[in-house]
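The values are calculated or read from the model by the stated rules, or taken from the named source; none is laboratory data. If you're wondering where the values come from, they're calculated on a predicted model, not measured in any experiment. Cβ: placed from backbone, ideal geometry, glycine included. Neighbour counts: every protein chain shown. Each accessible area value is taken on the protein alone, full model and side chains, heavy atoms only, with ligands, DNA and RNA left out. Shrake-Rupley method; radii C 1.70, N 1.55, O 1.52, S 1.80 Å.
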Amino acid sequence: MTAPSLATPELEFVFNPRSIAIAGVSAKEGTGFGGGGFVSSLQEIGFRGPIYLIHPTAPAIRGIKCYPTLGDIPDTVDYVISSVNARFVPQLLEDCIAKGVRVLHLFTAGFTETGDAERAKMEQAVVARARQAGIRLIGPNCMGLYVPDSRLAMMQGQTAEGGPVGMVSQSGMNAGEFVRYAIPRGIRCSKVISFGNGADLKAADFFEYLTDDPKTEVIVAYLEGIQDGPRLAKAIRRAGRTKPVAILKSGRTEAGSRAANSHTASLAGSLQIFDALCKQAGVIRVESLEELVDTAVAFRFVKKLNGPRIVVVGGGGGASVLAADDLNAAGLELPPLLPETQEALAKVTHEAGTSIRNPIDTTSLWEDEGFEATLMPPASAPNVDVLLYHTSFGGGGPSARFTDVRGRMARQAETLARIQRESGKPVVVAIRPATTGEGFEQSADFQELCWRNGLATFPSIARAGHALANLLEWQRRQA
(Lines give C-alpha, C1' and ligand atoms only; values in the text may rest on other atoms or scores of the structure.)
Protein backbone atom coordinates (compact mmCIF):
# COMPACT_ATOMS: atom_id res chain seq x y z
CA MET A 1 0.00 0.00 0.00
CA THR A 2 1.34 3.43 -0.95
CA ALA A 3 1.96 5.88 1.88
CA PRO A 4 -0.15 9.04 1.74
CA SER A 5 1.43 12.06 0.11
CA LEU A 6 2.39 15.03 2.24
CA ALA A 7 2.45 17.53 -0.58
CA THR A 8 2.49 21.30 -0.33
CA PRO A 9 2.00 23.11 1.94
CA GLU A 10 3.04 20.34 4.33
CA LEU A 11 6.44 19.95 2.70
CA GLU A 12 7.28 23.65 2.88
CA PHE A 13 9.17 23.07 6.14
CA VAL A 14 11.53 20.69 4.32
CA PHE A 15 12.94 23.56 2.25
CA ASN A 16 13.16 26.17 5.01
CA PRO A 17 15.15 24.84 7.98
CA ARG A 18 16.14 27.31 10.66
CA SER A 19 19.02 25.21 12.02
CA ILE A 20 21.11 22.32 10.70
CA ALA A 21 23.20 19.62 12.35
CA ILE A 22 25.70 17.54 10.38
CA ALA A 23 26.68 14.09 11.64
CA GLY A 24 29.79 12.43 10.32
CA VAL A 25 32.18 15.32 9.71
CA SER A 26 35.78 14.17 9.95
CA ALA A 27 38.26 16.41 11.71
CA LYS A 28 40.67 15.64 8.83
CA GLU A 29 38.16 15.80 6.00
CA GLY A 30 38.63 18.06 3.01
CA THR A 31 36.01 20.20 1.31
CA GLY A 32 34.79 17.63 -1.23
CA PHE A 33 31.87 15.27 -0.75
CA GLY A 34 30.76 14.11 2.67
CA GLY A 35 30.10 15.99 5.87
CA GLY A 36 32.93 18.44 5.32
CA GLY A 37 31.63 19.24 1.86
CA PHE A 38 28.23 20.18 3.28
CA VAL A 39 29.88 22.42 5.87
CA SER A 40 31.80 24.24 3.14
CA SER A 41 28.76 24.56 0.88
CA LEU A 42 26.52 25.93 3.62
CA GLN A 43 29.18 28.39 4.76
CA GLU A 44 29.87 29.57 1.21
CA ILE A 45 26.21 30.21 0.35
CA GLY A 46 25.68 31.90 3.73
CA PHE A 47 23.19 29.71 5.60
CA ARG A 48 21.50 32.11 8.00
CA GLY A 49 20.88 29.80 10.93
CA PRO A 50 23.25 27.94 13.23
CA ILE A 51 25.21 24.94 11.93
CA TYR A 52 25.98 22.27 14.53
CA LEU A 53 28.57 19.54 14.05
CA ILE A 54 28.36 16.11 15.71
CA HIS A 55 31.68 14.43 16.47
CA PRO A 56 32.47 12.04 19.33
CA THR A 57 35.79 13.63 20.37
CA ALA A 58 36.70 16.78 18.43
CA PRO A 59 36.01 20.05 20.31
CA ALA A 60 35.65 22.02 17.05
CA ILE A 61 36.07 21.59 13.31
CA ARG A 62 36.71 24.59 11.04
CA GLY A 63 35.91 26.90 13.89
CA ILE A 64 32.49 25.34 14.53
CA LYS A 65 31.88 23.79 17.95
CA CYS A 66 31.27 20.04 17.93
CA TYR A 67 28.91 18.04 20.15
CA PRO A 68 29.39 14.35 20.97
CA THR A 69 25.78 13.52 20.11
CA LEU A 70 22.73 15.25 18.67
CA GLY A 71 21.17 15.23 22.13
CA ASP A 72 24.05 17.31 23.51
CA ILE A 73 23.13 20.29 21.30
CA PRO A 74 21.37 22.75 23.66
CA ASP A 75 19.11 24.33 21.03
CA THR A 76 16.44 23.02 18.67
CA VAL A 77 17.52 21.40 15.40
CA ASP A 78 15.20 21.32 12.38
CA TYR A 79 17.28 19.47 9.84
CA VAL A 80 19.99 16.83 10.13
CA ILE A 81 22.44 15.78 7.41
CA SER A 82 23.81 12.27 7.88
CA SER A 83 27.27 11.42 6.58
CA VAL A 84 27.78 8.54 9.02
CA ASN A 85 28.17 4.89 8.05
CA ALA A 86 24.87 3.16 7.26
CA ARG A 87 25.06 0.97 10.38
CA PHE A 88 24.89 4.08 12.59
CA VAL A 89 21.80 5.52 10.90
CA PRO A 90 19.20 3.72 13.11
CA GLN A 91 20.76 5.25 16.24
CA LEU A 92 21.02 8.67 14.60
CA LEU A 93 17.34 8.42 13.73
CA GLU A 94 16.47 7.66 17.36
CA ASP A 95 18.48 10.72 18.39
CA CYS A 96 16.54 12.79 15.82
CA ILE A 97 13.24 11.56 17.24
CA ALA A 98 14.30 12.46 20.78
CA LYS A 99 15.49 15.89 19.63
CA GLY A 100 12.33 16.77 17.70
CA VAL A 101 14.07 16.97 14.32
CA ARG A 102 11.69 17.30 11.37
CA VAL A 103 13.90 16.32 8.40
CA LEU A 104 16.73 13.80 8.11
CA HIS A 105 18.77 13.99 4.90
CA LEU A 106 20.65 10.74 4.36
CA PHE A 107 23.71 11.45 2.30
CA THR A 108 24.68 8.07 3.72
CA ALA A 109 24.68 5.28 1.13
CA GLY A 110 24.82 1.51 1.56
CA PHE A 111 21.15 0.56 1.65
CA THR A 112 18.84 -0.97 -0.97
CA GLU A 113 21.05 0.15 -3.86
CA THR A 114 23.70 -2.38 -2.76
CA GLY A 115 21.44 -5.28 -3.70
CA ASP A 116 21.94 -6.80 -0.24
CA ALA A 117 18.69 -8.08 1.34
CA GLU A 118 19.73 -7.16 4.88
CA ARG A 119 20.63 -3.60 3.83
CA ALA A 120 17.24 -3.31 2.11
CA LYS A 121 15.49 -4.46 5.29
CA MET A 122 17.42 -1.87 7.31
CA GLU A 123 16.30 0.87 4.90
CA GLN A 124 12.68 -0.24 5.23
CA ALA A 125 12.92 -0.28 9.01
CA VAL A 126 14.42 3.21 9.09
CA VAL A 127 11.62 4.55 6.89
CA ALA A 128 8.91 2.89 8.99
CA ARG A 129 10.36 4.27 12.23
CA ALA A 130 10.77 7.78 10.77
CA ARG A 131 7.18 7.84 9.49
CA GLN A 132 5.91 6.61 12.84
CA ALA A 133 7.70 9.54 14.48
CA GLY A 134 6.64 12.12 11.85
CA ILE A 135 10.15 12.69 10.46
CA ARG A 136 10.58 13.04 6.70
CA LEU A 137 13.59 11.44 5.04
CA ILE A 138 15.45 12.67 1.96
CA GLY A 139 17.44 9.82 0.44
CA PRO A 140 19.29 7.66 1.30
CA ASN A 141 22.24 8.02 -1.07
CA CYS A 142 21.67 11.60 -2.21
CA MET A 143 23.03 15.16 -2.11
CA GLY A 144 19.81 16.64 -0.75
CA LEU A 145 18.77 20.23 -1.37
CA TYR A 146 19.90 23.39 -3.09
CA VAL A 147 17.53 26.22 -2.13
CA PRO A 148 19.02 29.69 -2.77
CA ASP A 149 16.32 31.58 -0.89
CA SER A 150 16.96 29.47 2.22
CA ARG A 151 20.73 29.55 1.70
CA LEU A 152 20.92 25.78 1.35
CA ALA A 153 23.55 24.32 -0.98
CA MET A 154 24.50 20.73 -1.76
CA MET A 155 27.82 21.64 -3.42
CA GLN A 156 30.19 24.57 -3.55
CA GLY A 157 29.86 27.15 -6.32
CA GLN A 158 26.06 27.33 -6.10
CA THR A 159 24.89 30.92 -6.23
CA ALA A 160 22.65 32.47 -3.59
CA GLU A 161 20.70 34.20 -6.37
CA GLY A 162 17.37 32.41 -6.75
CA GLY A 163 15.15 32.05 -9.79
CA PRO A 164 12.17 30.23 -11.31
CA VAL A 165 13.56 26.82 -12.34
CA GLY A 166 12.98 23.82 -10.07
CA MET A 167 14.64 20.42 -10.46
CA VAL A 168 13.82 16.90 -9.26
CA SER A 169 16.77 14.51 -9.58
CA GLN A 170 17.52 11.01 -8.42
CA SER A 171 21.22 11.68 -8.95
CA GLY A 172 23.12 14.18 -6.83
CA MET A 173 25.90 14.50 -9.39
CA ASN A 174 23.46 15.21 -12.22
CA ALA A 175 21.66 17.75 -10.05
CA GLY A 176 24.96 19.46 -9.35
CA GLU A 177 26.00 19.31 -13.00
CA PHE A 178 22.69 20.81 -14.11
CA VAL A 179 23.25 23.76 -11.77
CA ARG A 180 26.89 24.12 -12.86
CA TYR A 181 25.98 24.15 -16.56
CA ALA A 182 22.88 26.29 -16.12
CA ILE A 183 24.22 29.14 -13.97
CA PRO A 184 26.46 30.65 -16.71
CA ARG A 185 23.45 30.53 -19.06
CA GLY A 186 21.35 32.71 -16.76
CA ILE A 187 19.27 29.93 -15.21
CA ARG A 188 18.53 30.55 -11.55
CA CYS A 189 16.83 27.94 -9.41
CA SER A 190 13.99 27.91 -6.90
CA LYS A 191 14.68 24.42 -5.52
CA VAL A 192 16.94 21.61 -6.70
CA ILE A 193 16.23 18.25 -5.06
CA SER A 194 18.47 15.18 -5.15
CA PHE A 195 16.45 12.35 -3.56
CA GLY A 196 18.53 9.23 -4.27
CA ASN A 197 16.77 5.99 -3.33
CA GLY A 198 13.58 7.88 -2.49
CA ALA A 199 12.87 5.57 0.43
CA ASP A 200 10.41 8.04 1.96
CA LEU A 201 9.97 11.22 -0.10
CA LYS A 202 9.84 10.23 -3.75
CA ALA A 203 9.78 11.92 -7.15
CA ALA A 204 5.99 12.22 -7.02
CA ASP A 205 6.17 14.17 -3.74
CA PHE A 206 8.59 16.66 -5.22
CA PHE A 207 6.72 17.01 -8.51
CA GLU A 208 3.59 17.77 -6.50
CA TYR A 209 5.46 20.29 -4.38
CA LEU A 210 7.06 22.14 -7.32
CA THR A 211 3.75 22.22 -9.19
CA ASP A 212 2.22 24.18 -6.31
CA ASP A 213 5.32 26.21 -5.46
CA PRO A 214 4.73 29.84 -6.55
CA LYS A 215 8.49 30.41 -6.88
CA THR A 216 8.83 27.64 -9.49
CA GLU A 217 7.76 28.46 -13.06
CA VAL A 218 9.68 25.75 -14.95
CA ILE A 219 10.28 22.14 -13.83
CA VAL A 220 13.10 19.89 -15.03
CA ALA A 221 13.85 16.38 -13.85
CA TYR A 222 16.34 13.54 -14.02
CA LEU A 223 14.71 10.18 -13.31
CA GLU A 224 16.34 6.76 -13.22
CA GLY A 225 13.42 4.60 -12.19
CA ILE A 226 9.70 4.62 -11.56
CA GLN A 227 8.54 4.45 -7.95
CA ASP A 228 4.79 4.11 -7.47
CA GLY A 229 4.07 4.47 -11.18
CA PRO A 230 0.38 5.52 -11.05
CA ARG A 231 1.06 8.25 -8.51
CA LEU A 232 4.13 9.53 -10.35
CA ALA A 233 2.19 9.57 -13.63
CA LYS A 234 -0.57 11.57 -11.98
CA ALA A 235 1.95 14.04 -10.53
CA ILE A 236 3.69 14.48 -13.90
CA ARG A 237 0.36 15.03 -15.68
CA ARG A 238 -0.64 17.64 -13.14
CA ALA A 239 2.72 19.39 -13.42
CA GLY A 240 2.52 19.33 -17.22
CA ARG A 241 -0.89 21.00 -17.19
CA THR A 242 0.44 23.80 -15.00
CA LYS A 243 4.04 24.55 -15.98
CA PRO A 244 6.64 23.78 -18.67
CA VAL A 245 8.28 20.44 -17.80
CA ALA A 246 11.30 18.66 -19.32
CA ILE A 247 12.47 15.23 -18.15
CA LEU A 248 15.70 13.34 -18.75
CA LYS A 249 15.02 9.63 -18.26
CA SER A 250 17.92 7.21 -17.93
CA GLY A 251 17.67 3.46 -18.36
CA ARG A 252 16.95 3.85 -22.08
CA THR A 253 19.10 0.78 -22.81
CA GLU A 254 19.70 -2.51 -21.02
CA ALA A 255 23.09 -1.25 -19.83
CA GLY A 256 21.50 1.97 -18.57
CA SER A 257 18.81 0.03 -16.72
CA ARG A 258 21.45 -2.07 -14.95
CA ALA A 259 23.38 1.07 -14.00
CA ALA A 260 20.25 2.76 -12.65
CA ASN A 261 19.42 -0.26 -10.49
CA SER A 262 22.90 -0.35 -8.95
CA HIS A 263 22.94 3.43 -8.44
CA THR A 264 19.63 4.15 -6.70
CA ALA A 265 17.88 0.77 -6.57
CA SER A 266 15.61 1.86 -9.43
CA LEU A 267 13.77 -0.25 -11.97
CA ALA A 268 13.96 1.76 -15.17
CA GLY A 269 10.68 0.61 -16.73
CA SER A 270 9.61 0.80 -20.35
CA LEU A 271 10.80 3.86 -22.26
CA GLN A 272 7.88 3.47 -24.68
CA ILE A 273 5.40 3.70 -21.82
CA PHE A 274 7.25 6.68 -20.38
CA ASP A 275 7.22 8.41 -23.78
CA ALA A 276 3.47 7.88 -24.00
CA LEU A 277 3.06 9.40 -20.55
CA CYS A 278 5.12 12.46 -21.52
CA LYS A 279 3.05 13.06 -24.65
CA GLN A 280 -0.18 12.60 -22.74
CA ALA A 281 1.02 14.89 -19.94
CA GLY A 282 2.26 17.59 -22.32
CA VAL A 283 5.86 17.40 -21.13
CA ILE A 284 9.13 17.03 -23.07
CA ARG A 285 11.53 14.10 -22.72
CA VAL A 286 15.13 14.96 -23.58
CA GLU A 287 18.12 12.76 -24.38
CA SER A 288 20.98 14.34 -22.42
CA LEU A 289 21.83 16.61 -19.51
CA GLU A 290 23.00 19.25 -21.99
CA GLU A 291 19.64 19.14 -23.77
CA LEU A 292 17.89 19.44 -20.41
CA VAL A 293 19.80 22.68 -19.72
CA ASP A 294 19.15 23.96 -23.27
CA THR A 295 15.42 23.26 -22.97
CA ALA A 296 15.30 25.02 -19.60
CA VAL A 297 16.95 28.04 -21.27
CA ALA A 298 14.31 28.01 -24.02
CA PHE A 299 11.48 27.73 -21.48
CA ARG A 300 12.98 30.48 -19.32
CA PHE A 301 14.01 33.08 -21.92
CA VAL A 302 12.22 32.35 -25.21
CA LYS A 303 8.97 31.20 -23.57
CA LYS A 304 6.88 31.20 -26.77
CA LEU A 305 7.35 30.79 -30.52
CA ASN A 306 4.73 31.67 -33.10
CA GLY A 307 6.12 29.14 -35.55
CA PRO A 308 9.19 27.26 -36.83
CA ARG A 309 10.47 29.88 -39.31
CA ILE A 310 13.96 31.01 -38.31
CA VAL A 311 16.42 33.44 -39.87
CA VAL A 312 20.13 32.98 -39.13
CA VAL A 313 22.56 35.90 -39.05
CA GLY A 314 26.29 35.75 -38.34
CA GLY A 315 29.80 35.97 -39.69
CA GLY A 316 31.37 32.84 -41.14
CA GLY A 317 30.05 31.25 -44.30
CA GLY A 318 30.86 27.67 -43.30
CA ALA A 319 29.11 28.03 -39.95
CA SER A 320 26.08 29.49 -41.71
CA VAL A 321 25.88 26.61 -44.19
CA LEU A 322 26.10 24.04 -41.40
CA ALA A 323 23.47 26.03 -39.51
CA ALA A 324 20.98 25.48 -42.29
CA ASP A 325 21.50 21.71 -42.09
CA ASP A 326 21.39 21.59 -38.28
CA LEU A 327 18.27 23.71 -37.95
CA ASN A 328 16.44 21.90 -40.72
CA ALA A 329 17.30 18.57 -39.10
CA ALA A 330 15.79 19.85 -35.85
CA GLY A 331 12.51 20.54 -37.65
CA LEU A 332 12.84 24.29 -38.12
CA GLU A 333 12.34 26.12 -41.42
CA LEU A 334 14.67 28.67 -43.03
CA PRO A 335 12.39 30.69 -45.31
CA PRO A 336 13.83 32.69 -48.23
CA LEU A 337 14.14 36.37 -47.43
CA LEU A 338 11.44 38.57 -48.89
CA PRO A 339 12.50 41.01 -51.63
CA GLU A 340 11.99 44.00 -49.34
CA THR A 341 14.19 42.39 -46.66
CA GLN A 342 16.95 41.78 -49.19
CA GLU A 343 16.68 45.37 -50.42
CA ALA A 344 17.11 46.70 -46.89
CA LEU A 345 20.14 44.45 -46.34
CA ALA A 346 21.71 45.43 -49.67
CA LYS A 347 21.94 49.02 -48.45
CA VAL A 348 24.22 48.12 -45.51
CA THR A 349 26.21 45.11 -46.70
CA HIS A 350 29.44 44.96 -48.63
CA GLU A 351 29.12 43.06 -51.87
CA ALA A 352 32.25 40.91 -51.57
CA GLY A 353 32.18 37.88 -49.26
CA THR A 354 28.57 38.29 -48.16
CA SER A 355 25.25 36.52 -48.50
CA ILE A 356 21.94 38.24 -47.97
CA ARG A 357 19.92 35.09 -48.31
CA ASN A 358 19.01 32.95 -45.31
CA PRO A 359 21.40 32.25 -43.57
CA ILE A 360 22.77 35.79 -43.74
CA ASP A 361 26.57 36.03 -43.75
CA THR A 362 27.87 39.57 -43.93
CA THR A 363 30.85 41.59 -42.71
CA SER A 364 28.54 44.52 -41.96
CA LEU A 365 28.00 42.86 -38.56
CA TRP A 366 31.59 43.76 -37.69
CA GLU A 367 30.74 47.46 -37.71
CA ASP A 368 28.73 49.10 -34.94
CA GLU A 369 26.64 51.11 -37.35
CA GLY A 370 25.87 48.06 -39.49
CA PHE A 371 24.96 45.68 -36.67
CA GLU A 372 21.40 46.83 -35.98
CA ALA A 373 20.82 47.74 -39.62
CA THR A 374 21.61 44.15 -40.58
CA LEU A 375 19.59 42.43 -37.88
CA MET A 376 16.42 44.50 -37.71
CA PRO A 377 15.08 43.90 -41.26
CA PRO A 378 15.00 40.08 -41.02
CA ALA A 379 13.76 40.17 -37.42
CA SER A 380 10.87 42.40 -38.48
CA ALA A 381 9.97 40.39 -41.60
CA PRO A 382 6.46 38.89 -41.56
CA ASN A 383 7.71 35.47 -42.69
CA VAL A 384 10.10 35.07 -39.72
CA ASP A 385 9.23 33.75 -36.23
CA VAL A 386 12.63 33.83 -34.52
CA LEU A 387 16.08 35.30 -35.20
CA LEU A 388 19.30 33.43 -34.37
CA TYR A 389 22.52 35.43 -34.16
CA HIS A 390 25.75 33.43 -34.03
CA THR A 391 29.28 34.60 -33.28
CA SER A 392 32.61 33.48 -31.83
CA PHE A 393 35.58 34.98 -30.00
CA GLY A 394 39.32 34.43 -30.16
CA GLY A 395 41.44 33.05 -32.95
CA GLY A 396 41.85 36.35 -34.80
CA GLY A 397 38.17 36.70 -35.73
CA PRO A 398 36.10 39.88 -35.87
CA SER A 399 36.64 40.72 -32.21
CA ALA A 400 40.42 40.96 -32.80
CA ARG A 401 39.84 44.09 -34.90
CA PHE A 402 38.54 46.08 -31.93
CA THR A 403 40.37 47.42 -28.91
CA ASP A 404 37.18 48.02 -26.90
CA VAL A 405 35.89 44.45 -27.14
CA ARG A 406 33.99 44.57 -23.83
CA GLY A 407 32.22 47.80 -24.77
CA ARG A 408 31.36 46.47 -28.20
CA MET A 409 29.95 43.26 -26.70
CA ALA A 410 27.80 45.30 -24.32
CA ARG A 411 26.45 47.39 -27.18
CA GLN A 412 25.68 44.28 -29.22
CA ALA A 413 23.82 42.62 -26.34
CA GLU A 414 21.77 45.76 -25.75
CA THR A 415 21.01 46.05 -29.48
CA LEU A 416 19.91 42.41 -29.68
CA ALA A 417 17.63 42.92 -26.67
CA ARG A 418 16.13 46.03 -28.25
CA ILE A 419 15.49 44.16 -31.51
CA GLN A 420 13.73 41.44 -29.50
CA ARG A 421 11.52 44.03 -27.80
CA GLU A 422 10.74 46.10 -30.88
CA SER A 423 10.17 43.20 -33.28
CA GLY A 424 8.12 41.24 -30.74
CA LYS A 425 10.01 38.09 -31.74
CA PRO A 426 12.55 36.02 -29.81
CA VAL A 427 16.23 36.63 -30.51
CA VAL A 428 18.53 33.75 -29.54
CA VAL A 429 22.33 33.84 -29.49
CA ALA A 430 24.65 30.96 -30.34
CA ILE A 431 28.22 31.55 -29.16
CA ARG A 432 30.42 29.11 -31.03
CA PRO A 433 33.35 27.56 -29.08
CA ALA A 434 36.37 29.77 -28.50
CA THR A 435 39.86 28.71 -29.53
CA THR A 436 42.04 30.75 -27.15
CA GLY A 437 42.13 31.58 -23.46
CA GLU A 438 41.19 35.17 -24.23
CA GLY A 439 38.36 33.88 -26.41
CA PHE A 440 37.00 31.73 -23.57
CA GLU A 441 36.87 34.78 -21.31
CA GLN A 442 35.23 36.94 -23.98
CA SER A 443 32.67 34.22 -24.75
CA ALA A 444 31.73 33.99 -21.07
CA ASP A 445 31.45 37.78 -20.81
CA PHE A 446 29.25 38.05 -23.90
CA GLN A 447 27.07 35.18 -22.72
CA GLU A 448 26.40 36.93 -19.42
CA LEU A 449 25.74 40.26 -21.13
CA CYS A 450 23.18 38.52 -23.34
CA TRP A 451 21.23 36.61 -20.71
CA ARG A 452 21.17 39.58 -18.36
CA ASN A 453 19.50 41.43 -21.25
CA GLY A 454 16.88 38.68 -21.45
CA LEU A 455 18.34 36.70 -24.36
CA ALA A 456 18.57 32.92 -24.60
CA THR A 457 22.15 31.76 -25.21
CA PHE A 458 23.41 28.43 -26.56
CA PRO A 459 26.90 26.97 -27.10
CA SER A 460 26.13 25.92 -30.68
CA ILE A 461 23.64 26.52 -33.45
CA ALA A 462 22.60 22.87 -33.45
CA ARG A 463 21.80 22.91 -29.71
CA ALA A 464 19.83 26.14 -30.14
CA GLY A 465 17.83 24.43 -32.88
CA HIS A 466 16.99 21.40 -30.76
CA ALA A 467 15.92 23.57 -27.83
CA LEU A 468 13.66 25.71 -30.02
CA ALA A 469 12.18 22.54 -31.54
CA ASN A 470 11.48 21.25 -28.01
CA LEU A 471 9.71 24.50 -27.17
CA LEU A 472 7.56 24.19 -30.29
CA GLU A 473 6.76 20.57 -29.46
CA TRP A 474 5.80 21.55 -25.91
CA GLN A 475 3.48 24.23 -27.31
CA ARG A 476 1.87 21.67 -29.62
CA ARG A 477 1.32 19.27 -26.74
CA GLN A 478 -0.22 22.01 -24.63
CA ALA A 479 -2.60 22.82 -27.46
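Can you give me the % of accessible surface on the stretch 402-468 that is carbon or sulfur? Probe 1.4 Å, all protein chains present, nothing else counted.
Values: 1460 of 2860 Å².
Ligands and nucleic acids excluded, carbon and sulfur reach 51 percent.
Go through the stretch 109-122 residue by residue and turn each phi into a ³J(HN,Hα) via Karplus (6.51, -1.76, 1.60, θ = phi - 60°); whole Hz please, and just put x for glycine and proline.
After applying 6.51 cos²θ - 1.76 cosθ + 1.60, I find 10, x, 10, 4, 5, 6, x, 8, 5, 5, 5, 5, 5, 5 Hz.
Which order do the peptides 179-190, 90-101 take when ranked by the mean count of other beta-carbon atoms within 10 Å per residue, highest first? Show your work: numbers first, answer last.
Numbers: 179-190: 20.2, 90-101: 17.9.
Packing proxy ranking, top to bottom: 179-190, 90-101.
Read phi for every residue in the stretch 167-173 and hand back ³J(HN,Hα) as whole Hz from Karplus 6.51 cos²θ - 1.76 cosθ + 1.60, θ = phi - 60°, with x for Gly and Pro.
Calculated HN-Hα couplings, in order: 10, 10, 9, 6, 9, x, 5 Hz.
Please label the shape of the stretch 130-173 as rounded, prolate or oblate, based on the square roots a ≥ b ≥ c of the eigenvalues of the alpha-carbon gyration tensor (a/c under 1.5 means rounded; beyond that, a/b larger than b/c means prolate, else oblate).
prolate
Considering only protein heavy atoms and a probe of 1.4 Å, how much of the accessible area of the stretch 184-242 is carbon and sulfur, as a whole percent?
Taking all protein chains in place, the stretch 184-242 shows 53 percent carbon and sulfur surface.
Note down the net charge around K425, summing +1 for each Lys or Arg and -1 for each Asp or Glu among other residues with Cβ under 13 Å from its Cβ.
+3
Which whole number in µm²/s is D for the stretch 372-479 by Stokes-Einstein, with the Kirkwood Rh taken over Cα pairs at 4 °C and 1.567 mPa s?
Details: Rh = 14.6 Å.
Rounded to a whole number, D works out at 88 µm²/s.
When only alpha-carbon atoms are used, what values of Rg and Dmax, in angstrom, describe the chain?
Radius of gyration, then largest Cα-Cα span, for the chain: 25.2, 80 Å.
Sorted by mean Cβ packing within 10 Å, highest first, what order do the peptides 406-412, 128-134 take?
Descending mean neighbour count gives 406-412, 128-134.
For the stretch 84-182, with every protein chain kept in place, what is the accessible area per residue (1.4 Å probe, Å²)?
That works out to 37 Å² per residue.
Lysines near K65 by alpha-carbon distance under 16 Å, same-chain residues fewer than 8 away left out - which ones?
Reachable lysines: K28.
By its C-alpha gyration tensor, with a ≥ b ≥ c as the square roots of the eigenvalues, how is the stretch 159-238 shaped: rounded for a/c under 1.5, else prolate for a/b larger than b/c, else oblate? Mind dumping the intermediate values first?
On the way: a/c = 2.35, a/b = 1.48, b/c = 1.59.
Because a/c hits 1.5 or more and a/b fails to exceed b/c, the stretch 159-238 counts as oblate.
Which far-off residues, 5 or more places away or on another chain, put their amide H under 5 Å from the one on G144, with H placed in the peptide plane?
S194
Excluding same-chain residues fewer than 8 positions from K215, which lysines have a Cα within less than 28 Å of its Cα?
Here the lysines satisfying the reach criterion relative to K215 are K191, K202, K234, K243, K249, K279, K303, K304, K425.
Can you give me the Cα centroid spacing of the stretch 99-126 and the stretch 279-335 in angstrom?
42 Å
Which whole-Hz ³J(HN,Hα) couplings does the stretch 320-325 yield from phi under the Karplus relation 6.51 cos²θ - 1.76 cosθ + 1.60, θ = phi - 60°, glycine and proline marked x?
With coefficients 6.51, -1.76 and 1.60, one gets 5, 5, 4, 4, 4, 5 Hz.
In terms of the Cα gyration tensor, with a ≥ b ≥ c the square roots of its eigenvalues, is the stretch 266-340 rounded because a/c is under 1.5, prolate because a/b exceeds b/c, or oblate?
Prolate, because a/c is 1.5 or more and a/b exceeds b/c.
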